[in-house]
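What follows is calculated from the coordinates using simple rules that are stated; it is not laboratory data. Treat the numbers as computed from the prediction; the structure is a model and nothing was measured. Glycine also receives a Cβ, built like all others from the backbone with ideal geometry; neighbour counts cover every protein chain displayed.
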């Protein structure tokens, strides 16, 4: 691992307490067995709608380093702070592709 690889930064962010504990529950797919992957994440929660200044919903997104979880896919699950979510979007690469962003929804 070189000094500028995303995994090195992610480990430092986790040690400093900037990330939330999470477990990714990857479903079995062709060529991929089901498995659980513990990986701290940067949880970003945004109000999706407001009425009279009160949030009516929440849009939850997770940013993660692609090299540490390259096969995250739509409909996999993730548990963050004991709350389970479903990956509701395909991973969206950020900047140079070292990190990705996914939207989360209620599990099906």
Can you give the FRET efficiency for residue 23 and residue 95, using 1/(1 + (r/R0)^6), R0 = 30 Å, r = Cβ-Cβ distance, to the nearest 0.05? 0.70
Residue 106-residue 82 pseudo-label distance in nm [points 7 Å out on the Cα-to-Cβ vector]: 2.1
Each label point is 7 Å from the Cα along the Cα-to-Cβ direction; what then is the distance between the points at residue 14 and residue 63, in nm? 1.8
